[in-house]
Amino acid sequence: MGDGLRFAFGTLTAVPVRVDRWDRGAARDGMLCAPVVGLVLGLCAAGVGGVL
């Protein structure tokens, strides 16, 4: 799960994340974690928008 989450953040964002595994299993887990990345980014954007 941790490798997949790092893979998703490293692949889908500009956030510099150290990714240790670049194999098919990590990519599969990363794409399963893609909605979590979207949720985190959306919550951050909503927080900034709410403050402004």
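Listed values, structure above:
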quantity	calculated
Global size of the chain as Cα Rg and Dmax, reported in angstrom	12.3, 41
Sparsely packed chymotrypsin sites (Phe, Trp or Tyr not before Pro) within the chain, loop by DSSP, other Cβ within 10 Å at most 14	Trp22
Residue-normalised accessible area of the chain, expressed per residue, 1.4 Å probe, Å²	71
Helix-only CD estimate at 222 nm, as mean residue ellipticity for the chain, using -39500 (n - 2.57) per DSSP H run (n ≥ 4)	-23000 deg cm²/dmol
Accessible surface ranking that places the most exposed of Val51, Val15 first, with a 1.4 angstrom probe	Val51, Val15
Size of electric dipole in the chain: Cβ of Lys, Arg +1 and of Asp, Glu -1, about Cα centre, debye, nearest 20	40
Gain in span if fully extended, Met31 to Thr11, counting 0.36 nm per residue against the direct Cα distance	6.3 nm
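The values are calculated or read from the model by the stated rules, or taken from the named source; none is laboratory data. In this text, all values refer to a predicted model and were calculated from it rather than measured experimentally. No Cβ is skipped: glycine too gets one built from the backbone with ideal geometry, and neighbour counts run over all protein chains shown. When the accessible area is computed, the model is the full protein with side chains, heavy atoms only, and any ligands, DNA or RNA have been set aside. Shrake-Rupley method; radii C 1.70, N 1.55, O 1.52, S 1.80 Å.
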